[in-house]
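Just so it is clear, none of the values below were taken in a lab; they were calculated from the coordinates. Because the structure is predicted, anything quoted here is derived from the model rather than measured. Here Cβ is always computed from backbone atoms with ideal geometry, including for glycine, and neighbour counts include all displayed protein chains.
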Amino acid sequence: MNKNLGFVERLRWRLKTIEHKVQQYRQSTNETVVADTEYGQVRGVKRLSLYDVPYFSFEGIPYAQPPVGELRFKAPQRPIPWEGVRDCSQPKDKAVQVHFVFDKVEGSEDCLYLNVYSNNVKPDKARPVMVWIHGGGFIIGEANREWYGPDYFMKEDVVLVTIQYRLGALGFMSLKSPELNVPGNAGLKDQVLALKWIKNNCASFGGDPNCITVFGESAGGASTHYMMITEQTQGLFHRGILQSGSAICPWAYNGDITHNPYRIAKLAGYKGEDNDKDVLEFLQNVKAKDLIRVEENWTQFAATGNPYSEKINGMDTLTIDPVRKSDEVIKCLNISDDLKFIDLPEWSKLKVWESLYDENKDLLF
């Protein structure tokens, strides 16, 4: 670039360059690739990253049946196999949620899809797999390229997978009656089923099923922690990275509090008695976007939107306090021998962080 150009001209040139890169990034080439999965073939498209690295993008691959109708609030079900080649060149909708800026309900209840990005679907040696779980407080967020693009990872020898899961009441509503099969934590169960899909199918995209790392930020970090401590994920992945969130964060765990579906049902127009079966039938017929809007208007949101300890054997993802289940995570701080949990006034909580820092400076890098 000519150094004699004025500031405005240089800025205009840089903006044009960025615009060109963005257009290039959003566009796909005419080159496609087909990969096999246990449910059928999927067609991806070749794209170019912001770093000019070509890669193959498979977006909107179903890892579960749409959780609609009678499947709403329930554990995810494996997808139905399909004939022919399924087009996976474009992402699917995010989970239903209220936009955090514009206060509008967006997304779709049909959201259980994942995206796979790989710069070589047939490498000489299988590559490590990185699985991203998005954050958003278990009420907002998405896994699609516009928010979490694969550009950085496509410079490395890894396969990136990003997953979507149910949020808010649709992902964490629970009922006490075991015969209704709605014990809660459906959003966490979505993540478990996605990990099973990744374990079984990542090799078709150049990934190594014996080298899978799960990582996430905020609620994604808490989710990663939950995946590390639930028995349902044994053998499905090998490492976890928690970024700005864990299952022992106050906002990430409701303890033994059973989510209260009756309050939301009545806010949505239910006139009957507090009967689990009737409430479930009513809530399964409320439009998803109306349900999310009602949930948002209930100020005591935490009682419907966070993971909690299930009490129905055989269907549980989380059965006990995550602190009691997190020995390995706690040991990494070297504080497990004298671990104590006490209630503190807000002003004194900084002292806890100061002591952690002073006693564990060698962990900072």
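Using a cut-off of 21 Å between Cα atoms, the listed pairs 94/199; 92/289; 46/189; 125/189 include 94/199; 46/189; 125/189 as exceeding that distance.
Can you put 286, 214, 279 in order of Cβ neighbours within 10 angstrom, beginning with the fewest? Let's see the in-between values first.
Details: 286 17, 214 29, 279 23.
Ascending Cβ contact count within 10 Å gives the list 286, 279, 214.
Here, P(r) means the percent of Cα pairs in each 10 Å bin from 0 to the largest distance; for the range 100-168 it is 18, 45, 24, 11, 2.
Taking amide H positions as modeled 1.01 Å from N, with prolines and chain starts lacking one, the residues under 5 Å from residue 108 and 5 or more places away or on another chain are 94, 95, 96.
Counting every other Cβ atom within 10 Å of each residue's Cβ, 152, 113, 226 order from fewest to most as 152, 113, 226. Label separation (residue 243 vs residue 101): 2.0 nm, computed from points 7 Å beyond Cα along the C-beta direction.
Binning the C-alpha pair distances of the range 181-284 at 10 Å intervals from 0 yields a P(r) profile of 13, 34, 26, 19, 7, 1 %, listed from the shortest bin outward. Over the range 30-142, the fraction of Cα-Cα pairs per 10 Å bin, rounded to whole percents and listed from the shortest bin up, is 12, 36, 35, 16, 1. Between residue 51 and residue 271, the modelled label-to-label distance comes to 6.1 nm, taking each label 7 Å out from Cα in the direction of the beta carbon.
Given a Förster radius of 35 Å and the C-beta distance between residue 260 and residue 78 as r, what FRET efficiency does 1/(1 + (r/R0)^6) yield to the nearest 0.05?
Working: r = 30 Å, r/R0 = 0.87.
Approximately 0.70, to the nearest 0.05.
Ordered by the count of other Cβ atoms within 10 Å of each Cβ, fewest first, 104, 155 give 104, 155. Working note: Debye formula, equal point scatterers on the alpha-carbon atoms of the range 32-333, no solvent; log10 I(q)/I(0) at q = 0.07, 0.11 Å⁻¹ is -0.26, -0.64. Distance from the Cα centroid of the range 236-288 to that of the range 38-64 is 32 Å (rounded to whole angstrom).
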